[in-house]
């Protein structure tokens, strides 16, 4: 068997993911399962806990300097909450951090979410392997962009 | 990343851009030219903040207590930074850092900055990362820097020891009188807290602890008598008393000149850790290149083979001298 894909950037730092729950929504099983799976795949995971405002999530992402933000929403308010999150990230100069969303999202909402800048939407039934791989790719992409940027700026 | 972009990040961070501060912390998290660059630029501004270590057994309520303490420090007008040290999985090397979960009420407050540090996977080790981040926070005007740690293991003890003020947190039913005080960082507290004091047995635990404190040898032996405070973080009780004790200890350290001495020794330690990281990186490289040779030698002649350690050390030293960047 080949070795699992790396969860570290070229400089050796592990990929860092923020796993967050937003809004009035107590269903955290999914978020915890995903957090655990990411940890087991070698990621550094920061879990914010329940009932966060989009502003709190954005600030946590900035303070922790994460590579990917993963949000779980099962209460139907995803369009509203994600719009606020994306706005706050932009305000903080952190809209380069890729955002993914998981939960009970009607298919019809996927398009507007992607237009907002949400990179991936994971519907119920998505395998952990797929989530891990997509998160890993997004982290990898962000890190290589930083490398490139450093070269340009330097 | 060259000097110009580091300068730019520092400039932005000084303007209050939190994103820039988050990036700077990442740059100093691992040893290397970038960490060195950032530290040399920020350190002249640092040296004013009080570094407060919160340590104690898992489940004693440290994170919740720290969150309450932040609220009180904010009311007193201080900017607060928190370094939450969370354990990594020894299996995958990954980690779930959940300490900040208890402090998320402060996430939207621009006067509070919380950063998690995993116990594994940092090239220069946990202590280097934590000490370097302290310098950055200090330089950027954070008045109180709280480090939350379980206080077990050499690195965590080192980090706690580098704090100006050590707060040891225990709780009722966490073992008998001196279970907590047996060894390690528990012995060197400046302030002892019995948290969860709304629970039965809290008075007994406090009395035990008081007895232990009155015996000799507890505390850092700097003329300060360790304080004992009872709190209930969940109920919000005793927090003012605890913050008063933290402030009192800070005044004591400043009046006696110990505050500056603590900063000096913290910086000596950081310098040493950075040097170690440099040597270790070179050693890893050399070992990787010589692995076949070492393995063959060990197979052939076990008694003589360990003398290879001398060769490895010398080669690593040569590599450092040549100035190859091991990162």
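The values are calculated or read from the model by the stated rules, or taken from the named source; none is laboratory data. Being a predicted model, the structure only gives us computed values, none of them experimental. No Cβ is skipped: glycine too gets one built from the backbone with ideal geometry, and neighbour counts run over all protein chains shown.
For segment B:279-327, filtering for residues that are within 32 Å of the chain's Cα centre (by Cα), outside any helix (DSSP H, G or I) and over 27 Å from residue B:130 (Cβ atoms) leaves 2.
Can you spot a residue in segment A:91-98 that is more than 16 Å from the chain's Cα centre (by Cα) and either within 9 Å of chain B (Cβ to nearest Cβ) or on the phi > 0 side of the Ramachandran plot (or both)? Looking through segment A:91-98, at least one residue is more than 16 Å from the chain's Cα centre (by Cα) and either within 9 Å of chain B (Cβ to nearest Cβ) or on the phi > 0 side of the Ramachandran plot (or both). Residue check: is residue B:60 within 22 Å of residue A:43 (Cβ to Cβ) and crowded, with 21+ Cβ neighbours inside 10 Å? No, not satisfied.
Residues being more than 9 Å from chain A (Cβ to nearest Cβ) and not in a loop (DSSP other than H, G, I, E, B): count how many of those fall in segment B:113-132. Within segment B:113-132, residues that are more than 9 Å from chain A (Cβ to nearest Cβ) and not in a loop (DSSP other than H, G, I, E, B) number 9. Across segment A:23-48, the qualifying residues are those that are at the interface with another protein chain (Cβ under 7 Å from one of its Cβ atoms), over 14 Å from the mean Cα position of the chain (by Cα) and outside any helix (DSSP H, G or I), and the one among them that is farthest from residue B:94 (Cα to Cα) is A:41.
With the requirement that a residue be out of contact with any helix residue (DSSP H, G or I) (no Cβ under 6 Å at 6 or more places or on another chain), within 28 Å of residue B:137 (Cβ to Cβ) and part of a helix (DSSP H, G or I), what does segment A:58-86 give you? Within segment A:58-86, A:59, A:60, A:61, A:64 qualify.
Look at residue B:263 and say whether it is touching a residue at least 60 places away in the same chain (Cβ under 8 Å) and assigned by TED's automatic domain parsing to the domain that holds residue B:143. When the stated conditions are applied, residue B:263 does not pass them. Evaluated against (1) under 15 Å from the mean Cα position of the chain (by Cα); (2) modelled with pLDDT of 95 or more; (3) assigned to a helix (DSSP H, G or I); (4) more than 10 Å from chain B (Cβ to nearest Cβ), residue A:108 falls short on exactly one condition, (1).
Take residue B:276 and decide whether it is at pLDDT 90 or above, surrounded by 12 or more Cβ atoms within 10 Å (Cβ to Cβ), within 25 Å of the chain's Cα centre (by Cα) and not assigned by TED's automatic domain parsing to the domain that holds residue B:171. The answer is yes for residue B:276.
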